[in-house]
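Presented below is the structure to which this report refers.
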Amino acid sequence: MAMRPEVLDQLKVGAGEKFRLADHSPSWLPEHLRDLDKKERKNAAGELLADNVAELSEVQDLLYADDRYSLLLIFQAMDAAGKDGTIKHVMSGVNPQGCSVHSFKQPSAEELDHDFLWRFASRLPARGMIGIFNRSYYENVLVEKVHPEFLAASKLPDGKRDKGFWKGRYDDINAFEQHLARNGTLVVKFFLNVSKDEQRNRFLARLSEPEKNWKFSANDITERARWDDYQQAFQDAIGATSTPWAPWYVIPADRKWAMRVAVSDIIVTTLRSLDMGYPEVTDEQRTRMAAAKAELEAEGTA
């Protein structure tokens, strides 16, 4: 009951296509899960996620051994869409030594003294590694677009902050990601698409359940009031920066279990598309290994 073909075809934003966020339902399900009842759906999804987590563990080992590629996963979303939980569940089987997660907060004074991509470049995954950005340089074409006062703190030269300015930033991002792709880093970007009603329900849960109170911030409500502005900013950014070398996937986020399966499926499929292999052992290495084996076996008979 693999989701893979449908996930890739229906959730991927094609390069250069006329992208409308309204065309992507936050509660979408693939057809083969749509006909099942609620319990059957969750059971099927649980099996798919478990299979993908196990397969991701295997292919991560191959990625590390091959040592030519790296994978950068970018997660962007409105608040309460489920970024943290998705990362936790999908990456639960990977070796921590081969994976890093970075959550980017308000830039420091030093970071503001550099271009907007500088602080992200230093945290890119090395060859053989998986890197995860929980929010990313896309905040600079999302939050700063919705809140021009934040852009004012960036110490940029004087100039208009019009459509041309934002196009320039999209161009910078596309060039940066193409540079990464040319040097062996696969960039895969997920927009976790939660509905406004579901966000409200999740905020209420955070307020009503004591063990979730710590997740809530008064700023969440302030930003929710700018919902339409953010939706437009996401639509503009995704449409301008989904490229063959760094595609965007719009993931329905109203059902957490479906969201996690879709994300895990895409990650595994992406890594399996690489021509990777374990390093070949040379004749000289085989000779040394045979000698080492003989020496160790001799110790056991002494």
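Nothing in this text is a laboratory measurement; each read-out follows from the coordinates by a stated rule. Keep in mind that what you see is a predicted model, and the values were worked out from it rather than measured. Positions of Cβ are generated from backbone atoms using ideal geometry, with glycine treated the same way; all protein chains shown enter the neighbour counts.
Quick notes on this one:
- Counting other Cβ atoms within 10 Å as a rough exposure proxy, the listed residues TYR249, TYR278 run TYR278, TYR249 from fewest neighbours to most.
- Estimated dipole of the chain in Debye, rounded to 20 [Cβ of Lys and Arg +1, of Asp and Glu -1, Cα centre]: 920 debye
- Separation of the ASP66 and ARG182 label points, Cα + 7 Å toward Cβ, nm: 2.1 nm
- Net charge of neighbours whose Cβ lies under 14 Å from the Cβ of TYR230, counting Lys and Arg as +1 and Asp and Glu as -1: -3
- Column: log10 I(q)/I(0), Debye, Cα scatterers of region 1-140, q = 0.17 Å⁻¹: -1.22
- Across ALA253, ALA175, ALA109, mean-square fluctuation computed from a Gaussian network of the chain (C-alpha pairs under 10 Å connected) peaks at ALA109.
- Remark: spin-label model distance SER217-GLU295 equals 5.6 nm, labels positioned 7 Å along the Cα→Cβ axis.
- Each of ARG161, ARG255, ARG119 was scored by other Cβ atoms within 10 Å of its Cβ. Arranged with the fewest first, they read ARG161, ARG119, ARG255.
- Length-normalised contact order of region 4-301 in % [C-alpha pairs under 8 Å, at least 6 apart]: 35 percent
- Volume per residue of the C-alpha convex hull in region 258-302, rounded to whole Å³: 92 Å³
- Region 4-301 - share of DSSP beta bridges that are antiparallel (%, nearest 5): 10 percent
- Computed over region 19-82, the alpha-carbon pair-distance distribution with 5 angstrom bins reads 3, 11, 13, 16, 18, 18, 13, 7, 1, each value a whole percent.
- Shape category assigned to region 102-202 from the gyration tensor of Cα positions, a/c cut at 1.5: oblate
- The separation of region 188-222 from region 19-77, counted between C-alpha centres, amounts to 22 Å.
- Two-decimal Rg to Rh for the chain - Kirkwood Rh, Cα set: 1.04
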